[in-house]
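Participant: Please read through the structure below; I'll follow up with questions.
The values are calculated or read from the model by the stated rules, or taken from the named source; none is laboratory data. Please read these numbers as outputs of a predicted model, since none were measured by experiment. Methodologically, a virtual Cβ is constructed for each residue, glycine included, from the backbone with ideal geometry; neighbour enumeration extends over all protein chains shown.
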Amino acid sequence: MGASMNARVPVNPGGVAGSLSVPTDTKWRAEQVIWIRHWTPTLISFRTTRAEAFRFVPGHYARLGMVDTLGNAIWRPFSMVSAADDDFLEFLLVLVPGGDFSARLAALKVGDAIMVEKLSYGFLTVNQLAPGNDLWMLSSGTGLGPFMSILRDPDSWRSFDHLILVHSVRRAEELAYRQDIEAMRDSAAATGARADLRYIPIVTREQEPGMLHARIPQLIIDGRLEGAADVPLEVRHSRAMVCGNPELARDMRSLLTARGFVTSRRGALGQMAFEKYW
């Protein structure tokens, strides 16, 4: 995800993590890994410490940096999974076989250091959308990440009637945060929050009882996704956010545009928003 940005980084000999030397005038800060969870051998979440001055809007991403063997920094963008007021930063990512950055991430241990740029970025935020009744969050794979942060924002539950989270993966074991999502749904129902959460997990390469088994665009075309949500996906009341692989983004842009959705432009808020790392 994203293009790498190379820069010389002060680093002690032999060190990858834990040995970063940070000049005070850099655009990044060394944070410490404090927690790691392996969902599958290639799908992980991890947390780092968080600079008190670091700010982000739910849906934003940060640029994370690792040092290669030549002492150069390799940077990649990852959305925050954590809430905007957590005292840590949490990320969800997939380890790409043969990837230089992934190889370094795979070697991370609690206590290691990783570079985090001091600014956050992105347009996949609720404030980029015109007011509406229903928020559709359509994700594939690790595209779930920013929507977890959005769901951890109390304003999301106050701003909509229905929050529809769609998460498509190849295999059921890749349904990261499933228990957390279901707990949010049940807690909201118990406490009488304005919004209800409709969670729709999709598995495309396995048959899982009670789950849909096709790509998100196809499920929209044939009406099954709206049927599962029991909420229409229409421009008058719906707002749509998409995060996932480029094919999903391309197909969803075409489908939503055909239904009258537009992205925000200067001075005019739209009904759909996309995150683009590539």
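Participant: Could you check how many residues of the stretch 89-116 are surrounded by 19 or more Cβ atoms within 10 Å (Cβ to Cβ) and either within 19 Å of the chain's Cα centre (by Cα) or of a type in the set (A, V, I, L, M, F, W, C) (or both)?
Facilitator: 11
Participant: Go through the stretch 1-53 and give me each residue that's part of a strand (DSSP E or B), buried (at least 17 other Cβ atoms within 10 Å of the Cβ) and at pLDDT below 50.
Facilitator: Correct list: V11 only.
Participant: Does L225 count as free of Cβ contacts under 8 Å to residues at least 40 places away in the same chain and buried (at least 20 other Cβ atoms within 10 Å of the Cβ)?
Facilitator: So L225 does not fit the description; no.
Participant: Identify all residues within the stretch 159-187 that are farther than 15 Å from A83 by Cβ and assigned to a helix (DSSP H, G or I); write none if there are none.
Facilitator: Hits for the stretch 159-187 are S159, A172, E173, E174, R178, Q179, E182, R185, D186.
Participant: Which residues, counting only those in the stretch 229-278, are β-branched (V, I, T) and either closer than 29 Å to E174 by Cβ or surrounded by fewer than 14 Cβ atoms within 10 Å (Cβ to Cβ) (or both)?
Facilitator: Passing the criteria: V231, V242, T257, T263.
Participant: Regarding the stretch 75-98, can at least one residue be identified that is part of a helix (DSSP H, G or I) and either outside the structural domain of L43 (by TED's automatic domain parsing) or without any contact (Cβ under 8 Å) to a residue 24 or more places away in the chain (or both)?
Facilitator: No; the residues of the stretch 75-98 include none that is part of a helix (DSSP H, G or I) and either outside the structural domain of L43 (by TED's automatic domain parsing) or without any contact (Cβ under 8 Å) to a residue 24 or more places away in the chain (or both).
Participant: Also, quick follow-up: Within the set of pairs 6+ apart or on separate chains, which have a first residue in the stretch 114-133 that is without any contact (Cβ under 8 Å) to a residue 24 or more places away in the chain, a second that is surrounded by 20 or more Cβ atoms within 10 Å (Cβ to Cβ), and C-beta atoms under 6 Å apart?
Facilitator: none
Participant: Okay, next question. Can we say V242 is closer than 12 Å to S139 by Cα and either modelled with pLDDT of 95 or more or hydroxyl-bearing (S, T, Y) (or both)?
Facilitator: Here the answer is yes, as V242 does meet what is asked.
Participant: Being of a type in the set (G, A, S), outside any strand (DSSP E or B), out of contact with any helix residue (DSSP H, G or I) (no Cβ under 6 Å at 6 or more places or on another chain) and under 13 Å from D134 (Cβ atoms), is that true of even one residue in the stretch 229-244?
Facilitator: yes
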